[in-house]
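See structure below.
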Amino acid sequence: KLSITRNEIETNNDVIVKRWLQLLKIDPTTSAYQKNVEYLGQKAREILKYLNKWVSYDTSKEDVGKRYAAEGMETFRMKIPLCEVIRAMYLLRRTLWLFVTNESAFDSAFQLHQMKELNDRVILFFDRAEYYLIRGYMEEMNRKIKETWKLTSEETEKIFFPNSFYKQ
């Protein structure tokens, strides 16, 4: 249904990523990422390259969960503050959407409907990805706290609360 705008996104992957990286470089709330521009560009290109897959009705929450919980763990190990990780994701989603709305020509109600459906699917994907990324980040933080201070699960539950982690 949404092949026109999805193809435009995939075709213009580098343009969107370049715009996003420019925003990250000047945004003071993403300063930790300024040292990791290559890594970020690669991750953003992956998201956009596989956007058709991520926003399809065939991709399960579990698929998104596994991928983005692992991403969260990785960003914790890279020592990037969680608030900056989420801010960067917001900026990517905004950059993507501004590209779609500014660069695409829609001349029918059907195309506008397609655009709305794409927006809904993209928001759902990013919401899920952010949730699982935060969860993975916190799970890795919990693991590091246990390792560093030799704490038990019961002790770290005083900070992270019981049943906070699901090992996705």
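If you check Leu118, Leu92 for being touching a residue at least 40 places away in the same chain (Cβ under 8 Å), assigned to a helix (DSSP H, G or I) and touching a Phe, Trp or Tyr at 6+ places or on another chain (Cβ under 7 Å), only one passes: Leu92.
When you look at Val37, is it free of Cβ contacts under 8 Å to residues at least 60 places away in the same chain, in contact with a Gly (Cβ under 8 Å, 6 or more places away or on another chain), open to solvent by less than 40 Å² (accessible area, probe 1.4 Å) and β-branched (Val, Ile, Thr), yes or no? In short, no. Reported count of residues in region 58-83, each being open to solvent by 20 Å² or more (accessible area, probe 1.4 Å) and over 18 Å from Lys144 (Cβ atoms), is 7.
Among the conditions (1) modelled with pLDDT of 90 or more; (2) of a type outside the set (Ser, Thr, Tyr); (3) surrounded by 13 or more Cβ atoms within 10 Å (Cβ to Cβ), the only one that Trp149 does not satisfy is (3).
Table: residues versus (1) at pLDDT below 90; (2) closer than 17 Å to Asp127 by Cα.
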residue	(1), (2)
Ser3	yes, no
Asp14	no, no
Lys18	no, no
Ile26	no, no
Lys35	yes, no
Met89	no, yes
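Contact annotation: residue pairs with Cβ atoms under 6 Å, 6 or more positions apart or on different chains, pairing a residue in region 129-151 that is touching a residue at least 12 places away in the same chain (Cβ under 8 Å) with a partner that is surrounded by 15 or more Cβ atoms within 10 Å (Cβ to Cβ) and not in a helix (DSSP H, G or I), are Glu139/Phe165.
Within region 142-161, being within 19 Å of Met73 (Cβ to Cβ) and of a type in the set (Ser, Thr, Tyr) holds for Thr148, Ser153, Thr156.
The values are calculated or read from the model by the stated rules, or taken from the named source; none is laboratory data. Just so it is clear, the model here is predicted, and its values are computed rather than measured. Neighbour counts run over all protein chains shown; Cβ positions are idealised from the backbone, glycine included. Quick note on the areas: whole protein, heavy atoms, side chains included, nothing else; ligands and nucleic acids left out. Shrake-Rupley method; radii C 1.70, N 1.55, O 1.52, S 1.80 Å.
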